1. In Å and from the alpha-carbon atoms only, list the Rg and Dmax of segment C:177-294.
2. With a bin width of 10 angstrom, please list the P(r) values of chain B as percents of all Cα-Cα pairs, from the 0 bin to the one holding the largest distance.
3. What is the ratio of the Cα radius of gyration of segment C:18-134 to 2.2 N^0.38 Å, with N the residue count, to two decimals?
4. Determine the shape class of segment B:1-61: with a ≥ b ≥ c the square roots of the Cα gyration tensor eigenvalues, call it rounded for a/c under 1.5, and otherwise prolate if a/b is greater than b/c, oblate otherwise.
5. Note the direction-averaged projected area, equal to a quarter of the hull surface, for the Cα convex hull of segment C:1-47, in nm².
6. Please report Rg (one decimal) and Dmax (integer) in Å for the Cα set of segment A:47-148.
7. Can you return the lysines within cross-link range of C:K253? Criterion is Cα-Cα under 26 Å, with same-chain partners fewer than 8 residues away left out.
8. Using the alpha carbon gyration tensor of chain A, what are the three equivalent-ellipsoid semi-axes (square root of 5 times each eigenvalue), largest first, in whole Å?
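Just so it is clear, none of the values below were taken in a lab; they were calculated from the coordinates. Every value quoted in this text rests on a predicted model; they were computed, and no experiment measured them. Don't worry about glycine lacking a Cβ; one is built from the backbone with ideal geometry, like all the others, and counts go over all protein chains shown.
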Amino acid sequence: MNGRRTIAGAIERFVHAHAARLAGVVTIAVLAFLWLPIGVLVFMSFADGGVLSFPPDQLTLRWYRVFLENEAARGAIVTTLTISVPSTILTVTLATMTAYAVDRYGFRGRGILQLLSTLPIVVPLVVTGVALVLFVDGTLGLPDYLSVVLAHVIRTIPFATLVILPTFVRFDRRLEEASKDLGADELATFRQVTLPNVFPGVVAGGLLAFTLSFNEFVYTYFVKGSGDPTLPVYIWNQIRYNVTPEVNVISVVFLVVAVTLVLVAVSLTRVELLTER
Amino acid sequence: MSLLRVRGLTKRFGDLLAVDDVDFDVADGEFVSILGPSGSGKSTVLRMVAGFETPTDGEIGLNGEPVVGTPPFERDVNMVFQDLALFPHLTVAENIGYGLKQAGVPADERRDRAERMLEMVRLDGYDDRMPDELSGGEQQRVALARALVNEPALVLFDEPLSSLDRKLRQHMQSELQRLQAETETTFLYVTHDQEVALAVSDRLVVLDDGAIQQIGTVEALYEDPQSRFVADFIGDVNSIPARITDATDDTVIVDVGSGRVSIPRSVADNVAIDTSVDVCVRPFRIRVGPADDTGAEQSETDEPTADGGDRDRATDAGIGERFTTTGTVQSRSYQGSDSLYEIATDEWGRLTAEVRSNAYEPGERVAVAWDASDVHVFARSADGHTGSRGDDA
Amino acid sequence: MTDRDRLGTVSAFFRERPRLRTLAIAGPPSAILVVFFALPLVAMLVVSFQTGQIGGAWTLENYLGFIGSETYLTVVWRTLLLSAQVTAIVAAIGYALAYSIVRFSRRTTLLLLLVILPFWTSYIIRMYAWINILQSGGVLDSILGLVGLPAVGLLYTETAVRIGFTYVWLPLAVLPFYASLSSLDPDLIEASKDLGAGPIRTFVSVTLPLTATGVITGLVLVFIPTFGSFITPRLLGGTNNIMIGMVIENQFKSAFNWPFGAAIGMVITAVVVVLLVLATRFGGDLLGGGGEPS
């Protein structure tokens, strides 16, 4: 409490006086670290000379044209969509059911359900991917398409649940009580009162699940034998064996799609995503 | 020399002037309260004394040393926060010993001093409890102990009692006074609640809009308010618009619409002829009596009057030494020893009167009167906002 | 019967059978999770005891061969080491960033968004960006050349792998740090300073203990995926930086010795589980006691 004339005291005083400035520096530096590589990708997608020459000699839209005309790439996008859309619908439905059950009912398996629905985030992707191949492909022998869709469901359910569950928790049950008091039964109440109110959270969960599924690589890589690759697998192959600037273009397209979807999801839940204050 | 010396303290947040040129002193051993409504800047003043805000201008001296620019962890000042801010991960004893630990006091001595402090706040044996196990009042006392144990030159309080219920708050008020006397520490207390401030303080600093309105003892502020704001903030006050028509050395004549009243100079100094003023009177000074059927007012008072003569407003052209009118009782609030009456008067709008009697019913016609010597007169400024009596600004 | 009536009887049907109702709602997700997540892991366990392919003879060879092999154990050890380093770096940077945002920023939501957005782009793409930057003659080398410094050709080095991991996990780690820090009552920090502790002492005595849970969560969220990763080391580390995840991938895609791959997978899972348990049980105490409300 008395003025300390020590080195420790001097350091403390320095930090106290400059804390805000230090924070600003950290923030800017880290954000730059996170976004500069993306900037490079975007920039290089307009590069004429191909990937290896930086800075590029000329800027061009050539690679965008190539991408749009590339049948394999377009096919990959279609494949991805045929997997991601159904899996997202399934994920959202299941996540909503999970959230409802966990929030409303006490039942013996409740803790296990909660655990299971968040565990896929924790278990290393390679382990789960391998396990899925062994069981779903090898043992159950389900067709490829179904295996991949289910793999995407498992991959995205934790995130969808993490977003949808708080929406249910925060929902004021008294609205439901009022609805029943006015004569609507459980199903009608759910349809007319509960669902519209939790809908933004559900949609946000769906958008996040779709984004994840669209970008999903590891499970797909293991589970999908041959046949048309999804876009991430396609990119992987391109990078491993045959690098063209076209990959930059695909990356940019991906980015724009992902960013847009996430922004929409965020605005729907007023940014209470995974970080509840 | 005073313990705390504040001169010209000013704080601007962008365009907002939160604290405007504040001067005051706190003497060693005093219990001073800064009183003001929300947004008056009182918390900002406190935070500047503690070191959590830097003044835009002005000086703060603690024991003769200027402290502006010294970080809070190097000031000999401790604060009791509004939400108490007890460390949830430390025991009661560790909370109390925290400041001692920072000062390098060894563990045994910390323990002893913490124990003694717990005794003093009547929480013996609470050493190993966690803050979330305590009641609101107990947490208050721990927060207090945590500040006092360091024997700082000055203890600051940021409205710590506002979350307590009335009985507990009154109990804590007397505890605060007791502890202050026992430890001989200087307290600077910030609140918007005049009840608390009046109960515990030696002196009050009244703030509004970032500026000092008046500084003085509780009696001085109550008996002799310098502005309508202070009159209204400390205790309650009724207010009637009027006009000064005449002034002599001893008296001032006001025109209250229905007649003129002569007021002693002592309660109406520094108001000029032909200006608009507010005539203010405290509710307990108002007398209430039954209205006459004939409409002539009658005074109910048995008290001896100043000049003993006929003081009715019977002489039309004359100037009285009382304010009188009639009105209808709007509501009655039984307070126990007194009753509060809201009366809609015929001439001066609604007045609140505090009387011993519970006799008058809502809807009843009554006569209302008070003496001219019991009022305070304040000038009105041009924009209608009532200024202070001694107009220097 | 109108639709309304039909739905009404459905409601009534379930109202009288609460257990059936719970089953109808909690059942499907549970079933899917069990059949397509839990059972596959069990299947992996079973296969790990078989020889050569699914349905082969029972054996312990897979495990014995793995644990007995110095090569493989070295790979596991190096993976552990690298993961620990990456976790430490990401935790330090991520916590510093979260702290700066919580305590000092005014446009918090915008900043958080900017931090999180990169996470929602494809992992592969983020790796590809760094290939662009780190390769010989790539962006980094070109810039170094411009200022007169020698090229470093960081691609296919361990440093490149570390950079890649840090880049990928930083946004994820920031989330639990942010959640923890933002629920910390700022008055506590002021109270600590008021009682004589400077900002650094306050951080160690108040902030860190009270955000311990968030820190542990962040550490776990980074360490586990890093440990099992194969994409980043393959793309950025080339053949010199083998991590255990790559070995598994190799068994499934090239060597086709699925039981062996399964055994390695089980070993990894065991390591992860042990670390998780240790972290949740003892981590809080290490950081000074997690007295965090909820």
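1. So, for segment C:177-294, Rg and Dmax equal 20.3, 65 Å respectively.
2. That works out to 5, 19, 24, 20, 15, 10, 5, 1, 0, in percent per bin.
3. Details: Rg = 22.9 Å, N = 117, 2.2 N^0.38 = 13.4 Å.
Segment C:18-134 yields a ratio of 1.70.
4. Working: a/c = 2.15, a/b = 1.51, b/c = 1.42.
Prolate is the answer for segment B:1-61, as a/c is 1.5 or above and a/b outweighs b/c.
5. Values: hull surface 17.5 nm².
Seen from a random direction, the Cα hull of segment C:1-47 projects 4.4 nm² on average.
6. 21.5, 66
7. Within the straight-line limit of under 26 Å, C:K253 reaches these lysines: A:K224.
8. Working: eigenvalues 275, 238, 77 Å².
The equivalent ellipsoid of chain A has semi-axes of 37, 35, 20 Å.
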